[in-house]
Each structure stands twice: as C-alpha cells, then as structure tokens.
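Computed from the coordinates by the stated procedures, all read-outs in this text should not be read as laboratory data. Owing to the predicted nature of the structure, the values given are computational and were not obtained by experimental measurement. For neighbour counting, all protein chains shown are included, and Cβ atoms are generated from backbone atoms with ideal geometry for every residue, glycine included.
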Amino acid sequence: MTVPTYTERRPAPPAGRPGLAAQLLRRKPIGQMVNEAETGHGGTRLVRSFGVFQLTMISVGATLGTGILVILGESVPLAGPAIWISFAIAGLAALLSAVSYAEMAGLVPVAGSSYSYSYATLGEGMAWICGWCLVLEYAVSVAAVSVGAGQYVNESLAVFGQFLPDAISQPPGDGGVVNIPAMVIVLLAMVLLVRGAKESAWINTVIVVVKVGILIFFCAVAFTAFSAGNFEPLLPMGAAGVSAAASSVFFSYIGFDAASTAGEEARNPKRDLPRAIMLSMLIVTTIYVLVAVAAVGARPWGWFDGNEAALVKILEETTGQPWIALVFAVGAVLAIASIVLTVLYGQTRILLSMARDGLIPKIFGRVSARTGTPVAGTLIVGILVAVTAGLVPLGALADATSIGTLFAFALVNVAVIYLRRTRPELKRTFRVPLFPLTPILGALMCAYLMANLGADTWVTFGIWMLVGLAAYFGYGRRNSRVAALSHEEYCELSRPESSTLSTPEQTKAELS
C-alpha cells in the first residue's frame, strides 16, 4: 500500500483533524521537506544556481549595512578605545547562533530557514510563531532600512548643490509626506527578484564588493592618521562599558541567516550553506573590528560623542576633501540597496515554505515555470513593503524586529539540541563545536538580549503575536497539510527511515 505524501492531499474535513494540542506538536519530517525541495510543490521548483560564493555574498549583503557607517558615534562613548573588543564580543555572541544555523542548514537544506528547522523539531505551533516572527523581521526591516535612502540620496545630491524636497524624501513624522526614494529602492529590488534569483545574486555580489571596498578605503585613509596614544587607557569605562557597547552593536550582525533561506537554490546546499554562513560571519566581524580600530586610532575616543556620521567626518578631516562625503553617501545607498535586495529575497522564500505547508494562502508558494521564482509572492510582498516604507511611520515597530530575530535565533539553537538528542544518526555536514554548551549559550544570549529591550518594543511584539494567533486560527489551522494527514499516515511519514531520505525516488520506495 502506498501512503500519499501530504503535498498530494487536500486538507481533510475538520472532523478528521487532530486536536489543537496534537496539531501544534506535529512535526514535518525532514525527508518530506527535502522531497519537496527536489520536486517542487505543484510541479515547479526553484532553480539551483548558487555556489558558496553567491551564498556568502547574500549573507554579507544582508548583514553589512548602514549600521557600521553611523553606529560608532553611539557606541564608542560606551566602551572607549575598547570598542573593537565590543565588536569582537558581539561577533562571538552572533557566532554562537551562526554555528547552529550552519548545522541545521546542512541537515534541512530547504528555503524556510529557522521556520523549517522549527517545524522539523518543535512542531507546527512553534514553527508558526517563528515564521510569524520572520515575517515581522524581514518585511519591517526592509522598510526600516529603505527609509534612510532619501537622506543619503540628498547627501549625494548636495555635492552638486541639489536636493529633494523633504515632502518626497523623508518618512512621515520627519517632515515628509511620502518617501519616494524608499519606495523606488524596494520596487527595483522586487523587479530584480521577479526576473530571476541568479541575476539578483550577481547584482548583489557587485554591490557587496563595492561597499566592502568603501570600508577598506576608509581603513586605509584612517590608518594614515593613526595614533597609538588614542588607545590609552584602553578601558576607561571598565568592562561594564565594553559589555554595554557589545549589546548595542550586536544588531549590526543580524542578517547572517539570509543564506539559509536559499537552501533550495544552492547547487550543493548540504556542503555550501554551512560554509557560506561561517564565511560571512568571518568577513563581517573582521571588517567591523578593522573599522573600529582604524577609527579610534585616527581620533581620540571622546571625539566620537555626538558624531553620528563619524566615519565621514574622519575622512573629510584626514583628506581635506569635501567630496569624500559623496563617496560615503553613495556607499550608504548601495548598502541600503544590498540589504533590501537580500532581505526581500529571504522574505519571499520563507513565505513560499509557509504556503507550501498550507499555513498561508497558496499564492505565495507558486513558482513560475519561466523564471523559477515565486513571482506572485514577490510582487505582493514587494508592493506591500514599498507602501510601508513610503507611507507608514515605523517607530517602535522597527525596534520589534530585534525581538523577532532573536526569538528565531533561540529556536534554531534549541532545534540543534533536539536533533542531536533524538536523531544522532543523521549525517551532518557541519557540527556545532562544544555541544551542548554552544547552543545553550546561544539560546541564553538571545534571551538576555531580548530581556534588555524596552517595554514599548515588547508591547508592539505582543500585539504582533496576537495578530499572528488570529491568522493561524483563522487560516493556518484549517489549511495545514500536516494536520490533513490521518494518524496512521502521519506516523508512517514520521518514521526515522523516512526522515533521512533525500530524493523523490527514495521517498516513493520507502512509502511503498
């Protein structure tokens, strides 16, 4: 007797469904996820075209952004000359979760990132919460980052004595009516993603190389004014100041998980995804530490207090050339473009996985046979994010993305522990070192950083979760494909042997 996979079944009538508690705990077999990635849902699958280089550039593009251009003015006064130690500590904290992502990406090489990892280990309930957090993280962070485009476009135009009126270049609440540059940058990214993932990846690679080059250029110029005396005393604010600054700059590392959303478009995901995640962390941490050392070496740490555009001012004062502002303004626009492109890409792939599971409308899971991309889902997400960026004051909602991100990170650490305990026989292309200490510390670090976020942020996050619960009970619970399986079919698909399958042929043989 052949047991049908749940992607071939229509949702069963409500009477045939498991109870709420049982449904929330139902896990999606890893083998079934891999099977879907190979065959696609509905007969069309994503195109595998990424190597380790493109995957690394996706993560670097989503991580290395405008934050480093302005964050020193806020963080150096907290730590003093030891700010470079704060960046190293924050990088280490992010690495605790990054290694867990690397292990899970090798085990579950699909498009859903931490949503899929949670579904395979913690069940549908936690997977939905994780997916809903990712919707907030990706969509709102794209809008929040793109809002700054108008300011940097004006800084570029100012070199030529031109500027855009505030009404069309600033967000509502800051003197603007509609932020045209923000909307344009999102819509351009949307068009690129619709055309094809391979083309978008190469454009992102070019942009990433340019913005890395700009930061290296800053280091080269700043080191010409380097003074070792600027590092004495190294810890004027003590160890507590270094820790406070590390918490502040930690969010500069958010985005390294972007490569994990490309699991179904990587040519060799089990090998390349872990490598890309770890390599991107190495690149970003090295650049951040170098920029911090170069900046403090060029100016005493007290000089940074109140200097939001510290890097630009250091270059202007060191070179005596005002056009240097143009270089960094263009670099900031490119940084925004790269983040928008890669994060919008990740958003559409996570929604594709959720739609494939029946938890959100199936239109987000449709893949074009011509382009090999989720065209409809990309258009819907792109337009909604563009409108948000252009018309909606983001405020505390943007801050709430931090909670969503950290919550997803914590779940991935838990997922690693769960699979190590329950499925030790699974072949892992990357293994978290110092298990179980590393994932435990990673989860605790995420919880600590979440606890230090403001009350307003928690209130916004709570409201978002209530909306998510309404969406789940209104749509996801009734349309879940895992819930559509009978108890016997679910048990059959959940057998350990089924969870190690990697091809459709093996799946059919095992289920027969």
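For the reader, a short list of remarks on this structure follows.
- Phi-derived couplings, Karplus 6.51 cos²θ - 1.76 cosθ + 1.60 at θ = phi - 60°, listed residue by residue for the stretch 258-275: 4, 4, 5, 7, 9, x, 9, 10, 8, 5, 9, x, 4, 8, 7, 4, x, 4 Hz, with x used for Gly and Pro.
- Backbone HN-Hα couplings from phi across the stretch 467-478 [Karplus 6.51/-1.76/1.60, Hz, Gly and Pro as x]: 4, x, 4, 5, 5, 5, 6, x, 9, x, 4, 7
- Cβ-defined net charge surrounding residue 223, 15 Å radius [Lys, Arg +1; Asp, Glu -1]: 0
- Taking 480, 227, 243 and counting other C-beta atoms within 10 Å, the order from fewest to most: 227, 243, 480
- Neighbour net charge for residue 268 - beta-carbon separation under 13 angstrom, K R +1, D E -1: +2
- Lysines whose Cα lies under 20 Å from that of residue 313, excluding same-chain neighbours fewer than 8 positions away: 211
- For the stretch 23-143, the Stokes-Einstein estimate of translational diffusion at 10 °C and a viscosity of 1.306 mPa s comes to 92 µm²/s, using the Kirkwood hydrodynamic radius over alpha-carbon pairs.
- Cross-link pairs exceeding 30 Å between alpha carbons, from the set 28/270; 362/427; 28/427: 362/427.
- By the beta-carbon count within 10 Å of each Cβ, the least crowded to most crowded order of 423, 275, fewest first, is 423, 275.
- Between 0 and 90°, nearest 10: helix 310-319 axis offset from the chain longest Cα axis: 40 degrees
- Between 0 and 90°, nearest 10: helix 30-39 axis offset from the chain longest Cα axis: 80 degrees
- Close amide-amide hydrogen proximity is noted between residue 50 and 266, 267, each under 5 Å apart and 5 or more residues distant or on a separate chain (H modeled in the peptide plane; Pro and chain starts excluded).
- In degrees, nearest ten, helix 238-249 long axis to first principal axis of the chain (Cα): 60 degrees
- Shape summary: the stretch 414-473 maps onto an equivalent ellipsoid whose semi-axes, from the alpha-carbon gyration tensor, are 31, 18, 7 Å in decreasing order.
- Ranked list, fewest to most other Cβ atoms within 10 Å of each Cβ, for 419, 234: 234, 419
- Across the stretch 258-326, the mean sequence separation of Cα contacts (distance under 8 Å, 6 or more residues apart), normalised by length, yields a relative contact order of 17 percent.
- Relative contact order [Cα under 8 Å, 6+ residues apart], the chain, whole percent: 34 percent
- Globularity index of the chain, i.e. its alpha-carbon radius of gyration over 2.2 N^0.38 Å: 0.98
- Mean ellipticity per residue at 222 nm, deg cm²/dmol - from DSSP H runs of n ≥ 4 across the chain, formula -39500 (n - 2.57): -21000 deg cm²/dmol
- Normalised by residue number, the volume inside the convex hull of the Cα atoms of the stretch 109-248 is 239 Å³ per residue.
- Spatial separation of Cα centroids for the stretch 400-471 and the stretch 320-360, in angstrom: 23 Å
- If you take the Cα centroid of the stretch 280-309 and the Cα centroid of the stretch 97-160, the two points sit 25 Å apart.
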